[in-house]
Amino acid sequence: MSKPIHAVTPSAKVITIQQHILLQEKKFPGASGEFSWLLSGLTLAAKMIEAAVRRAGLNSILGQAESSNTHGEVQQKLDIYANEVMLHNLGVRESVGVLASEENETPIIVHNESNNAKYAILFDPLDGSSNIDVNVSVGTTFSIYRRPVDVELNEASKWVLQPGDQQVAAGYVVYGSSTVMVYSAGRGVHGFTLDPAIGAFILSHEDIRMPEHGIYYSVNEAYADTFPEGYRKFLAGLRQGVLGRKYSSRYIGSMIADFHRTLLKGGIFLYPPTDDHPNGKLRLLYEANPIAFIAEHAGGIAINGTGPILKMHPTSIHQRTPLIAGSPSEMNYLIECLKAE
Ligand code: AHM
Ligand code: MG
């Protein structure tokens with residue numbers, strides 16, 4: 001008699017991002033499932049952007065576009081494509097009311113006839129894009145808010161000008177040696193690695209906790225002479241071993257990649273005020289807030305030099321801010337140095 005054929009069962013440990021979100025939602029009776037549908041728009045967009053990033057050297061998409069974005073910076077073609085992919089994939093979700101992108105001058109109202117439109121999604125479609133043509137990691141950030149009570153659909157700015165502590169979820173995708181999506185909906189920080197063979201994000205970093213300290217600091221030291229004194233003292237202190245360890249520096253110049261390393265290995269990422277950017281270079285809504293949300297939910301700290309990033313009340317949608325995020329040990333030492341200034 002022939003033996004029965006057993007189906008090859010994949011490891012029970014394989015959990016996709018979709019399954020993970022559904023499992024999380026099940027823990028909260030009454031969850032509508034809208035959030036997982038929204039997240040699926042983000043994962044689809046991430047896969048489309050990653051496919052374009054991976055092909056960037058192969059087709060003529062590489063290179064600079066003719067246009068400039070709202071900050072007068074030359075946009076890379078991939079920036080434009082990534083922006084369109086995000087706008088399309090999120091814009092078709094009925095629960096989305098407003099989209100705001102680093103690449104667009106004003107927020108975009110979508111589904112203006114739907115009462116179900118209750119989320120605003122803010123994003124930087126392709127951060128660090130000046131690194132594309134030299135094959136260095138880039139990323140996408142996202143930040144999700146609920147429409148504030150008593151705010152009409154057409155008051156788009158009010159949807160998006162909320163402090164970071166009102167984010168219901170946030171995260172980023174880093175297109176590096178692999179593609180990783182990190183998100184938090186306020187209950188832990190989780191990381192998923194894209195398996196290109198099956199096109200799914202697989203849980204690879206469950207409940208990420210930022211180490212208490214690290215051995216790297218990450219800052220553009222070419223600007224160090226123009227940092228306020230507290231930052232210079234702090235960096236000198238790290239080099240001199242004030243915290244009892246030897247530090248090394250790492251700076252990619254691609255915030256998401258620099259922060260992702262800091263999240264996993266510990267240490268500190270800094271973009272302080274400089275002569276050229278006295279209010280910092282990074283954007284509060286698209287860059288600092290999602291990074292701060294992830295840092296704080298992983299046990300780290302994120303500040304603007306005077307207080308927590310997540311407590312800042314934005315006044316304009318493309319506002320810049322200094323951003324410093326990292327492990328408690330380095331962050332607390334920095335806070336001391338800045339206070340002593
Ligand atoms: P971008 O949004 O125009 O790509 O600029 C943001 C990037 C960050 O990824 C990175 O941290 C920073 O600019 C690097 O700036 P600098 O070259 O001044 O160090
Ligand atoms: Mg950016």
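Residue count for the stretch 260-281, restricted to those that are out of contact with any helix residue (DSSP H, G or I) (no Cβ under 7 Å at 6 or more places or on another chain) and open to solvent by 10 Å² or more (accessible area, probe 1.4 Å): 11.
Under the condition of being closer than 15 Å to LYS158 by Cα, more than 16 Å from ligand 2 (Cβ to nearest atom) and of a type in the set (Gly, Ala, Ser), the residues counted in the stretch 92-124 number 3.
Of the residues examined, GLY267 is not one that is more than 16 Å from ligand 2 (Cβ to nearest atom), in contact with a Cys (Cβ under 9 Å, 6 or more places away or on another chain) and at pLDDT 95 or above.
Residues that are within 13 Å of ligand 1 (Cβ to nearest atom), open to solvent by 10 Å² or more (accessible area, probe 1.4 Å) and either touching a strand residue (DSSP E or B) at 6+ places or on another chain (Cβ under 6 Å) or outside any helix (DSSP H, G or I) (or both) within the stretch 103-130 comprise GLU103, ASP127, GLY128, SER129, listed in sequence order.
Filtering the stretch 333-341 for residues that are within 16 Å of ligand 1 (Cβ to nearest atom) and buried (at least 20 other Cβ atoms within 10 Å of the Cβ) leaves an empty set.
Restricting to the stretch 98-143, what's the tally of residues that are more than 15 Å from the chain's Cα centre (by Cα) and of a type in the set (A, V, I, L, M, F, W, C)? Looking only at that region, the number is 10. Taking residues in the stretch 282-300 that are farther than 16 Å from TYR183 by Cβ and open to solvent by 10 Å² or more (accessible area, probe 1.4 Å), and partners anywhere that are aliphatic (A, V, I, L, M) and within 14 Å of ligand 1 (Cβ to nearest atom), the pairs with Cβ atoms closer than 7 Å and at least 6 places apart or on different chains are LEU282/MET255; LEU282/ALA288; LEU282/LEU323. For the stretch 223-254, a residue qualifies if it is within 16 Å of ligand 2 (Cβ to nearest atom) and not hydrophobic (A, V, I, L, M, F, W, C), and the qualifying residues are TYR251, GLY253, SER254.
Looking across the stretch 131-146, the residues that are more than 16 Å from ligand 1 (Cβ to nearest atom) and open to solvent by less than 10 Å² (accessible area, probe 1.4 Å) come down to ILE144, TYR145.
Residue count for the stretch 305-332 under the criterion of being crowded, with 23+ Cβ neighbours inside 10 Å and in contact with a Leu (Cβ under 9 Å, 6 or more places away or on another chain): the result is 8. Within the stretch 187-201, being more than 19 Å from ILE294 (Cα to Cα) and in contact (Cβ under 8 Å) with a residue 24 or more places away in the chain holds for LEU194, GLY199, ALA200.
The values are calculated or read from the model by the stated rules, or taken from the named source; none is laboratory data. Since the model is a prediction, treat every value here as computed from it, not as a measurement. Positions of Cβ are generated from backbone atoms using ideal geometry, with glycine treated the same way; all protein chains shown enter the neighbour counts. Ligands, DNA and RNA are stripped out before the accessible areas are found, and what is left, the full protein with its side chains, is counted by its heavy atoms. Shrake-Rupley method; radii C 1.70, N 1.55, O 1.52, S 1.80 Å.
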